[in-house]
Amino acid sequence: MKDRLCFYHNTVQAVGMCLHDHKPYCQACEVVTPLGKFCCFDCSGKYAAFKSTWKEPKLRSPWLGPMLAGAVLLLVLGAGAAWAGHRLLKISALEPFDVVTRFTR
Ligand SMILES: [Zn+2]
Ligand SMILES: [Zn+2]
């Protein structure tokens, strides 16, 4: 960090750059946290909040799995019903829906 001055003390040489807003800071301003070094406590707090909210989108919606399983089950049941109605009960109106016969033919 040569020839960079502290963002808050424009006569003091900066010793590093804030991890949150990339402002240069001096020894007096430096805030050291387990996450990294910051120019002020405000930045370290904002960065910690950003880090914790950033992980959330990775969590899968709890209803997505059961919904997908339900959709697949409905499709299988529908195909089975169409096949049974078309092949066993000879309902010709069900022929376009009889995907089982169409794919096994
Ligand atoms: Zn400073
Ligand atoms: Zn900062």
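State all residues of segment 32-42 that are in contact with a strand residue (DSSP E or B) (Cβ under 7 Å, 6 or more places away or on another chain) and more than 11 Å from ligand 1 (Cβ to nearest atom); if no residue qualifies, say none.
LYS37, PHE38, PHE41
Pick out the one residue from HIS20, HIS9, HIS86 that is free of Cβ contacts under 8 Å to residues at least 60 places away in the same chain, farther than 30 Å from VAL99 by Cα and away from ligand 1 (no atom under 11 Å from the Cβ).
Details: HIS9 fails: away from ligand 1 (no atom under 11 Å from the Cβ); HIS86 fails: farther than 30 Å from VAL99 by Cα.
That would be HIS20, the only listed residue that is free of Cβ contacts under 8 Å to residues at least 60 places away in the same chain, farther than 30 Å from VAL99 by Cα and away from ligand 1 (no atom under 11 Å from the Cβ).
Pick out the one residue from ALA14, ALA48, ALA28 that is surrounded by fewer than 14 Cβ atoms within 10 Å (Cβ to Cβ) and hydrophobic (A, V, I, L, M, F, W, C). I'd like the intermediate steps shown before the answer.
Details: ALA14 fails: surrounded by fewer than 14 Cβ atoms within 10 Å (Cβ to Cβ); ALA48 fails: surrounded by fewer than 14 Cβ atoms within 10 Å (Cβ to Cβ).
One residue alone meets the criteria, ALA28.
Any read-out appearing in this document is the output of simple, stated calculations on the displayed coordinates, not a laboratory observation. Given the structure is predicted, the values throughout are model-derived calculations rather than measurements. Virtual Cβ from ideal backbone geometry, glycine too; neighbours counted across all protein chains shown.
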